[in-house]
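See structure below.
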Amino acid sequence: MATGALQALIFDVDGTLADTESAHMAAFNHAFAEVGFDWVWTEDVYLGLLEISGGKERILHYWHQVDPNIKALDAHALTDQIARMHALKTAAYEAAVNGGAVSLRPGVLRLMEEALAAGLQLSIATTTSPANIAALMRHAVGPDWRLKFSAIGDAATAPIKKPDPQVYLQMLDVLKLPPAACLAFEDSSNGLRAATAAGLATIITPNPFTAHHDFSGALKVVPDLSHVTLALLCEWQNSGRV
Ligand code: XBP
Ligand code: MG
């Protein structure tokens, strides 16, 4: 049983379920120090780098920006070095999350529980690594967090990152639902473009790292989900159809 036409909610992770990017930024900087690189990503630098989805992709993008000699590096050695840095970063991020550095944004857990109680399906569509999702959800929801989700798409399932719609198209396929029966929740313009390209109406909850992004085409932009109920989502979804 679901509420009228709305049958599933599909959530982005970073910046939507939780304000994670400060913890990601700190973890990147930890990894750079671990490998002896004198790189330090400040908030200003990271704000710009967030235009690039995916941690490994972001490191490579930055490396091209700061080191003209990168072209001379052996491609395999470069890939290995980035993989090593990203593994150190992911371990540091997990430790930070397990230490309580990140909590779910207002209204997220209540809306999820309300949706499940009404018979809707829940899904996750993110560009982040599976280990990061598990750390966040285990800490915020508990060891059985996966039982709440019918479909989980991430960097391992969808290597073509947002704004490409791959991860959202995967989720619609697994949910066996048309886009019109779902709503997506995002925080960034890359995320909005990915969800929209998959045909999904999208609710945006900006955060300090994405407040300047262009959210035209979103169904709704709200500060957070603290006042968003299932009834309101159905109202917005129906108004979006008009
Ligand atoms: C946002 C991202 C991720 C994170 C870092 O993901 O772009 O890359 O910044 O995570 P989302 P990784 O789609 O959830 O907003 O280092 O694991 O890539
Ligand atoms: Mg996001």
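The values are calculated or read from the model by the stated rules, or taken from the named source; none is laboratory data. Being a predicted model, the structure only gives us computed values, none of them experimental. Here the Cβ is made from the backbone with ideal geometry for all residues, glycine too, and neighbour counts use every protein chain on show. The accessibility values were calculated without ligands, DNA or RNA, using every heavy atom of the protein model including side chains. Shrake-Rupley method; radii C 1.70, N 1.55, O 1.52, S 1.80 Å.
For segment 164-227, the dipole from Cβ point charges (+1 on Lys and Arg, -1 on Asp and Glu) about the Cα centre works out to 160 debye, to the nearest 20. Against the main long axis of the alpha-carbon atoms of the chain, helix 230-241 sits at an angle near 90°. Taking the Cα centre of segment 122-223 as origin, sum charge times position over the Cβ atoms of Lys and Arg (+1) and Asp and Glu (-1), and report the length of that vector in debye to the nearest 20. About 140 debye. Pairs from the list Lys89/Lys176; Lys161/Lys220; Lys89/Lys220 with a Cα-Cα gap above 28 Å: Lys89/Lys176; Lys89/Lys220. For segment 1-114, taking the reciprocal of the average inverse distance between every pair of different Cα atoms yields a Kirkwood hydrodynamic radius of 16.1 Å.
Amide H contacts of Gly153 (H built 1.01 Å from N, in plane; Pro and chain starts excluded): Ile124, Ala125, Thr126 sit under 5 Å, all sequence-distant by 5 or more or on other chains. Long-range amide H contacts for Val221: which residues qualify at under 5 Å (H placed 1.01 Å from N, peptide plane, sequence gap of 5 or more or a different chain)? Result for Val221 returns Ile204. Assign one of three labels to segment 42-105, namely rounded, prolate or oblate, based on the Cα gyration tensor with a ≥ b ≥ c the square roots of its eigenvalues; rounded applies when a/c is under 1.5, prolate when it is not and a/b is larger than b/c, and oblate otherwise. Judged from the Cα gyration tensor, segment 42-105 comes out oblate (a/c at least 1.5, b/c at or above a/b). Backbone geometry of segment 148-155 corresponds, through the Karplus equation with coefficients 6.51, -1.76 and 1.60 at θ = phi - 60°, to 3J(HN,Hα) couplings of 7, 10, 7, 7, 10, x, 8, 4 Hz, x marking Gly and Pro.
Relative to the Cα centre, what is the charge dipole magnitude of the chain, using +1 at the beta carbon of each Lys and Arg, -1 at the beta carbon of each Asp and Glu, and rounding to the nearest 20 debye? Before the final figure, lay out the partial values.
Details: 16 positive and 25 negative charges, 121 e Å.
Approximately 580 debye in magnitude.
Peptides 151-164, 15-28, 216-229 ranked from most to least packed by the mean count of surrounding Cβ atoms within 10 Å: 15-28, 151-164, 216-229. Comparing mean-square fluctuations of Ala91, Ala117, Ala125 from a GNM of the chain with C-alpha springs under 10 Å, the top value falls on Ala117. Seen through its C-alpha gyration tensor, with square-root eigenvalues sorted a ≥ b ≥ c, segment 152-242 comes out oblate because a/c lies at 1.5 or above while a/b is not bigger than b/c.
Applying the Karplus relation 6.51 cos²θ - 1.76 cosθ + 1.60 with θ = phi - 60° to segment 121-133 yields 3J(HN,Hα) values of 8, 10, 9, 10, 9, 9, 9, 7, 6, x, 4, 5, 5 Hz, where x marks Gly and Pro. Per-residue surface analysis assigns Glu51 an accessible area of about 90 Å², computed on protein heavy atoms at 1.4 Å probe radius.
In this view, the solvent-accessible surface of Arg193, computed with a 1.4 Å probe and all protein chains in place, comes to about 140 Å². Largest GNM mean-square fluctuation across Ala194, Ala211, Ala72, computed for the chain with C-alpha springs under 10 Å, falls on Ala72. Relative contact order, whole percent, for segment 104-208 stands at 22, derived from Cα pairs under 8 Å and 6 or more residues apart.
Take the alpha carbon gyration tensor of the chain, find the square roots of its eigenvalues, order them as a ≥ b ≥ c, and report rounded if a/c is under 1.5; if not, report prolate when a/b exceeds b/c, else oblate.
Values: a/c = 2.01, a/b = 1.78, b/c = 1.13.
It comes out prolate by the Cα gyration axes.
Spacing of the modelled spin labels on Lys71 and Ala140, each 7 Å from Cα toward Cβ, amounts to 4.2 nm.
Springs join every pair of Cα atoms under 10 Å in this Gaussian network model of the chain, and among Gln170, Gln65, Gln81 the largest mean-square fluctuation is at Gln65.
Packing here is the average count of other Cβ atoms within 10 Å per residue, and on that basis the peptides 35-41, 183-189, 95-101, highest first, run 183-189, 95-101, 35-41.
Of the residues Met137, Ala118, Phe28, the one whose Cα sits farthest towards the positive end of the charge dipole of the chain is Ala118 (charges of +1 on Lys and Arg Cβ, -1 on Asp and Glu Cβ, taken about the Cα centre). Please work out the Cα center distance from segment 98-170 to segment 176-235, rounded to the nearest Å. Between the Cα centre of segment 98-170 and that of segment 176-235, the gap is 15 Å. Dividing the mean sequence gap of close Cα pairs (under 8 Å, 6+ apart) by how many residues the chain holds gives a relative contact order of 26 percent.
Summarising the label geometry, the points placed 7 Å from Cα in the beta-carbon direction at Ala197 and Ala33 lie 3.7 nm from one another.
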